[in-house]
Amino acid sequence: MTSRDLQPGFPITRLRRLRAPVAWRELVRETRLSPSELVLPLFVRAGRDQRRPIASMPGHAQLSVDLAVDEARIARRLGLGGVILFGIPEHKDPQGSAALADAGVVQQATRAIKDSVPELLVISDLCFCEYTDHGHCGVLAKSGDVHELDNDATLPLLAEQAVSHARAGVDVIAPSGMLDGMVGAIRQGLDEAGFSATPILSYAAKYASAFYGPFREAAESAPAFGDRRGYQMDAAAAAGQALREVDLDLAEGADAVMVKPALAYLDIIRTVRERFPGVPVAAYQVSGEFSMVKAAAAAGWLDERATALEMLTAIRRAGAGIVLTYWAKDVAGWLGA
Ligand code: PBG
């Protein structure tokens, strides 16, 4: 009996022939990373020449508007796909009214970036959690003894915030609150205000996740009581629920959809990609995904660059065409951009 009888296909098929030489391995790999599909999150606050490092996210800081413009210039020079802005307001109140002001920090930063680096894509995260004193993603209503997010009362406020962002020059609005009907309300508000050309990138499948921990320090947006499980998705929910969220957002006028977090939800990215061909799918590699690698790398337990690139490759391979990542600038450097 020959080895051919024992092992069908062998030695005709040797998959190792796809792994060397290096140039061949690189040619056949199919999944590629480039700075142009990466979006860099920026945390913006009032003031000048202020850089407040975020301890849990080494290399990232809350930036005053002028320094955010510097980052935007770097993002443009590195060929990144864009930046997404998060605002840290000077004053918080129960309504999150600072989010609606044309002089608000995101609005100011947008105008300043658009003035200096007009070609750079500016996305705004649209939510209330950074602006409310209670840290929830909209206004509250009392139901019995407990305060709960008032979904429908928040919708017109989201539309108002979106219009204010669009007026400031935001290119793409990204609502992240996971409220029912948010995309429809924002679309209608934008259209009525003459911004029918402004796209919506909806955080369509956003899960209630422990991986947001460091972000809540960065954006000073931890809920003062309770949690977000009443509106963000349950990690254990069947993938079909994510498809329903995406389906609804598209029906309400979303132009692109996001899955968030990324690494623990690769199955969701893949399912959405397959079910909605032609719909741009973004994935958010969130703060916890970044910080855990940073911490392990600082301890000498992981190679930051290799680990980050492997995670990002997996997110792309799962089907995300756009990736929001705190490593965006690093990746551009690692790839030699
Ligand atoms: C809400 C928002 C959050 C993140 C992005 N937008 C936080 C939350 O829902 O608690 C998390 C991003 C990250 O962890 O990097 N405005």
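Model label sites at I12 and S196, defined 7 Å from Cα along the beta-carbon direction, differ in position by 6.0 nm.
With only the Cα atoms considered, the chain has a convex hull volume of 167 Å³ per residue. Spatial offset of region 81-100 relative to region 289-337 amounts to 27 Å, using the alpha carbon center of each. Rg and Dmax, both from the Cα atoms of region 130-193 and both in Å, are 12.6, 42. Rg/Rh for region 95-234 (Cα atoms only, Rh after Kirkwood) is 0.96. Against the main long axis of the alpha-carbon atoms of the chain, helix 105-116 sits at an angle near 60°. Taking every protein chain into account, the accessible area of region 150-189 amounts to 28 square angstrom per residue (probe 1.4 Å). Couplings for region 296-304, taken from phi via the Karplus curve 6.51 cos²θ - 1.76 cosθ + 1.60 with θ = phi - 60°, read 5, 5, 5, 7, x, 8, 9, 8, 4 Hz in order; Gly and Pro are left as x.
The DSSP beta bridges internal to the chain are antiparallel in roughly 20% of cases.
When shorter helices are ignored and each DSSP H run of at least 4 residues is given -39500 (n - 2.57), the per-residue value for the chain at 222 nm works out to -11500 deg cm²/dmol. Accessible area per residue for region 69-115, computed on protein heavy atoms with a 1.4 Å probe, is 41 Å².
So which of K92/K294; K260/K329; K92/K142 end up more than 24 Å apart, counting from Cα to Cα? Violating the 24 Å limit, Cα to Cα: K92/K294. Given I200, G226, A283, which one lies farthest toward the positive end of the charge dipole of the chain, if we put +1 on the Cβ of every Lys and Arg and -1 on the Cβ of every Asp and Glu? Final value for the positive-end residue is A283.
For region 190-337, take N as its residue count and report Rg(C-alpha) divided by 2.2 N^0.38 Å.
Details: Rg = 16.4 Å, N = 148, 2.2 N^0.38 = 14.7 Å.
Here the Cα radius of gyration is 1.12 times the empirical estimate.
If Lys and Arg each add +1 and Asp and Glu each add -1, what is the summed charge of the other residues whose beta carbon sits under 15 Å from the beta carbon of R244? Don't skip to the end; give the middle numbers.
Details: positive: K206, R275; negative: D180, D234, E245, D247, D249, E252.
Taking every Cβ under 15 Å from that of R244, the sum is -4.
Net charge near R19: determine it from the other residues with C-beta under 11 Å of the C-beta of R19, scoring Lys and Arg +1 and Asp and Glu -1. Result for the neighbourhood of R19: +4.
About its Cα centre, what dipole magnitude does the chain give when the only charges are +1 on Lys and Arg Cβ and -1 on Asp and Glu Cβ, stated in debye to the nearest 20?
Numbers: 35 positive and 41 negative charges, 366 e Å.
In total the dipole reaches around 1760 debye.
Remark: region 73-81, residue by residue, has Karplus-estimated 3J(HN,Hα) of 4, 5, 4, 5, 4, 7, x, 5, x Hz, where x stands for each Gly or Pro and the curve is 6.51 cos²θ - 1.76 cosθ + 1.60 at θ = phi - 60°. With the whole protein complex present, S196 retains an accessible surface near 80 Å², based on a 1.4 Å probe. Solvent-accessible area of region 259-315 (1.4 angstrom probe, protein heavy atoms only): carbon and sulfur portion equals 57 percent. When the label point is put 7 Å from the Cα of A296 along its Cα-to-beta-carbon vector, which residues of region 261-275 have a backbone N closer than 13 Å? Correct set: 263-264.
The values are calculated or read from the model by the stated rules, or taken from the named source; none is laboratory data. Because the structure is a prediction, the values reported are computed rather than measured. In this analysis, Cβ positions are derived from the backbone assuming ideal geometry, glycine residues included, and neighbour counts consider all displayed protein chains. For the accessible areas, the whole protein counts, side chains as well, though only heavy atoms, and no ligand, DNA or RNA atoms are used. Shrake-Rupley method; radii C 1.70, N 1.55, O 1.52, S 1.80 Å.
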